[in-house]
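The structure appears right after this line, and notes come after that.
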Amino acid sequence: MSMLWFPSAPTAAAQGITIRPFLIDVNLVPRESTEETIRLTSSHSVRTSIIYATVNEITVGSDGEINEFVPPVMTDRTNSVTSWISIGRGRISLPAGESIDVPITIATHPFAEPGEYHAFIGFVEASKRHVAEEVALSGEADGVIV
């Protein structure tokens, strides 16, 4: 089984944050897991950014661009890459001019079928989680593609 992340946007500079890495590419077999780190850096000089992480399954074209966001499936976790990704979904406070590391864990389902799976981990500055999720689903968020 392989999971491949293609970046659609290199950074989130428009939001006042930079997101690294651009790409996380991992190959895992069922029951295997890996831990990765995403670094968020604020380019604001005065204010603290309130950021929410979103995780969405996506389809990716041959050119590496996101084709669409796939609606969540709650019943079949064997092939739902979003259920394999653990990341804090609470509010992230990023002070002006500082960086923080956001840990993620990817743990494949024991009965996952071999193939390529793609997810987008978006980071959105917003006052509420539901607003951040709407922005991500509209394709306006910056982040990392898994």
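The values are calculated or read from the model by the stated rules, or taken from the named source; none is laboratory data. Because the structure is predicted, anything quoted here is derived from the model rather than measured. As a convention, Cβ positions derive from the backbone with ideal geometry for all residues, glycine included, and neighbour counts pool all protein chains shown. For the accessible areas, the whole protein counts, side chains as well, though only heavy atoms, and no ligand, DNA or RNA atoms are used. Shrake-Rupley method; radii C 1.70, N 1.55, O 1.52, S 1.80 Å.
One residue is enough: does region 83-94 have a residue meeting the conditions at pLDDT 90 or above and surrounded by fewer than 14 Cβ atoms within 10 Å (Cβ to Cβ)? Yes, there is a match, as at least one residue in region 83-94 is at pLDDT 90 or above and surrounded by fewer than 14 Cβ atoms within 10 Å (Cβ to Cβ).
Scanning region 92-113 for residues that are over 15 Å from the mean Cα position of the chain (by Cα) and not aliphatic (A, V, I, L, M) returns Ser93, Pro95, Gly97, Glu98, Ser99, Thr108, His109, Pro110, Phe111, Glu113.
Quick check on Ser99: is it within 14 Å of Ile17 (Cβ to Cβ), open to solvent by less than 70 Å² (accessible area, probe 1.4 Å) and of a type in the set (S, T, N, Q)? Give the steps one after another, and end with the answer.
Working: within 14 Å of Ile17 (Cβ to Cβ): yes; open to solvent by less than 70 Å² (accessible area, probe 1.4 Å): yes; of a type in the set (S, T, N, Q): yes.
When the stated conditions are applied, Ser99 passes them.
Applying the criterion of being farther than 15 Å from Ile104 by Cα and modelled with pLDDT of 90 or more to the residues of region 1-27, the residue that is most open to solvent (accessible area, probe 1.4 Å) is Asn27. For Ile66, the conditions (1) within 18 Å of Ile17 (Cβ to Cβ); (2) modelled with pLDDT under 90 are fulfilled apart from (1). Is it true that Tyr117 is within 14 Å of the chain's Cα centre (by Cα) and either among the basic types (Lys, Arg) or over 20 Å from Pro30 (Cα atoms) (or both)? No. Of all residues in region 102-121, those that are touching a strand residue (DSSP E or B) at 6+ places or on another chain (Cβ under 6 Å) and crowded, with 19+ Cβ neighbours inside 10 Å total 8.
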